[in-house]
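The values are calculated or read from the model by the stated rules, or taken from the named source; none is laboratory data. Keep in mind it's a predicted model, so treat the numbers as computed, not measured. A quick note on method: Cβ atoms are made from the backbone with ideal geometry, for glycine too, and the neighbour counts reach across all protein chains shown.
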Amino acid sequence: MSPATTPARSTESPRRRARLAGAFYLATLALGIFAQAFVSERLVAGGNAAATAANIVQHETLYRAGFAAYLVEMACQLTMIFLFYSLLRPVDRTAAQLTVAFGLAGCVVKLVGRVFFYAPLLVLGGAKYLQVFPGEQLQALSLLFLRINYIAETVAVVFFGLYAVVQGWLVFRSTFLPRALGVLGCLGGLGWLTYLYEPLARQLLPLIVGLALLGAGATVIWLLVFGVDETKWRSLTGASDRRPASTPAAPAPA
């Protein structure tokens, strides 16, 4: 067989793909932490609409940088989701497809929320058509938009929790990645699922964030340094390719 007709999977490098997934995972974490910790947490003054509006106006460049970081974060996360899918598909194709479905759902909800994160820039921008509204109303409206953004984040986190649980199960079963990473991923996902009841999530927030960062950090380091066991990945891929899609029906007797 000539090189031109060699199947694509024989020349693919799963280790390179794993390292790309790790790099995009790291970028997702770094951008999310910057936007959340250094922009949202710093500028949004709890339930104080006037203080929040003043912070946004005074630090508009930083606020815009946070919005840009959120968008790039989503692009990195979408790329990461599909890279992980391509790595874990040989373990269980149906479960891997579920990770894509849950991941995409979370990203879509989060992106919709980011529209509301941007909206205070419009409301507080001093446009002439907004002069019919008192300043206090514009400030309250800005805080309302940020609250909607937060609600979208909590909904997205639930989908990401489902994503993490299924992905962790796939990693645990994979044989070409350490099982400990799968366990940490499942625990982190279960933590995010507590946002189904937000009061509980708030009480457990330090534990939830700690587990999530531990699992994410361990996964990023492993993927960047070691990648995957290529021999086991290729053997599993070959076994998956050899499985018949369905058993053909026996021909009817003449």
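Checked against (1) surrounded by 17 or more Cβ atoms within 10 Å (Cβ to Cβ); (2) over 17 Å from A21 (Cβ atoms); (3) not aliphatic (A, V, I, L, M), R89 passes all but condition (2). Hey, could you check the range 126-177 for residues that are touching a Gly at 6+ places or on another chain (Cβ under 8 Å) and of a type in the set (G, A, S) and say which is surrounded by the most Cβ atoms within 10 Å (Cβ to Cβ)? That would be A164.
Within the range 178-220, the set of residues being among the hydroxyl-bearing types (S, T, Y) and part of a loop (DSSP other than H, G, I, E, B) comprises just one member, Y197. Restricting attention to the range 20-33, the residues being loosely packed, with under 15 Cβ neighbours inside 10 Å and either of a type in the set (F, W, Y) or in contact with a strand residue (DSSP E or B) (Cβ under 8 Å, 6 or more places away or on another chain) (or both) number 0. Scanning the range 140-172 for residues that are hydroxyl-bearing (S, T, Y) and either within 15 Å of V100 (Cβ to Cβ) or under 13 Å from the mean Cα position of the chain (by Cα) (or both) yields a total of 2.
The residue that is nearest to F176 (Cα to Cα), among those in the range 92-151 that are in a loop (DSSP other than H, G, I, E, B) and without any contact (Cβ under 8 Å) to a residue 40 or more places away in the chain, is G125. Taking the criterion of being within 18 Å of N55 (Cβ to Cβ) and touching a helix residue (DSSP H, G or I) at 6+ places or on another chain (Cβ under 8 Å), the residues of the range 113-134 that qualify are F116, F117, Y118, A119, P120, L121, V123, L124.
Mind checking which residues of the range 223-233 are within 12 Å of L20 (Cα to Cα) and assigned to a helix (DSSP H, G or I)? Within the range 223-233, L223, L224, V225 meet the criteria. Only one residue in R64, R42 is of a type in the set (D, E, K, R) and at pLDDT 95 or above, so which one is that? When all the criteria are applied, what remains is R64.
Taking G126 as the residue in question, decide whether it is at positive phi and at pLDDT below 95. First the steps, then the outcome.
Details: at positive phi: yes; at pLDDT below 95: yes.
Against the criterion (at positive phi and at pLDDT below 95), G126 qualifies.
Residue-by-condition table, conditions (1) surrounded by fewer than 21 Cβ atoms within 10 Å (Cβ to Cβ); (2) of a type in the set (F, W, Y); (3) part of a helix (DSSP H, G or I):
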position	(1), (2), (3)
A35	no, no, yes
A51	yes, no, yes
A54	yes, no, yes
V57	yes, no, yes
L62	yes, no, yes
A65	yes, no, yes
A69	yes, no, yes
F84	no, yes, yes
